[in-house]
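Bear in mind that the values in this text are calculations on the coordinates, not laboratory data. On a predicted model such as this, the values are computed, not experimentally measured, just so you know. No Cβ is skipped: glycine too gets one built from the backbone with ideal geometry, and neighbour counts run over all protein chains shown.
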Amino acid sequence: MTEKGLENKLSKEVKDLPIKLSNHQDKRVVGALLAEMAQAHGSKWLSLQKMYEPMLYGLSKDPEAVRYAEAWMDYQLEAFGFFNKESWSKVKAHLRNLSERD
C-alpha cells in the first residue's frame, strides 16, 4: 500500500494505515512495515510514495525496528520462499544505509 503506483487508488483510511502501524507498540509490527517500505524504496521495479519517505527515514534510525525488519525479511525467505537470500541482503544493506543518513 506504500508503493508509488497506488498513490491515487487508496482511500484515506488505507493511506493512513502505515502511519498508524508505524506507531504500533509491538516493534515486530513496526519492523515488518519497515522491511516492506525499505524493499519498495530500494527496488529497481518498485518505488515508495514520497509521503512515506520521512517515516521510512525515521524508522530506519530505530535499532529495534531495524532488527525486527531484518527478522521479517528472514522469515519471508524461510517460511514463504519470497525472493532469495541475495535480494534480501540488498534490502538489508539499503536499510542500513538509510539508517546512516542525517
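Data overview
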{"quantity": "Helices (runs of 4 or more DSSP H) within the range 37-102 that include 3 or more residues more than 25 Å from Glu7 (Cα to Cα)", "calculated": "63-75, 85-99"}
{"quantity": "Leu46 crowded, with 20+ Cβ neighbours inside 10 Å and closer than 23 Å to Leu17 by Cα", "calculated": "no"}
{"quantity": "The range 69-81 residues that are among the charged types (D, E, K, R), paired with ones that are surrounded by 17 or more Cβ atoms within 10 Å (Cβ to Cβ) (beta carbon under 6 Å, 6 or more apart)", "calculated": "Glu70/Lys92"}
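Per-residue answers, yes or no, for (1) buried (at least 19 other Cβ atoms within 10 Å of the Cβ); (2) polar (S, T, N, Q); (3) in contact with a His (Cβ under 9 Å, 6 or more places away or on another chain):
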residue	(1), (2), (3)
Ile19	no, no, no
Asn23	no, yes, no
Glu53	no, no, yes
Asn84	no, yes, no
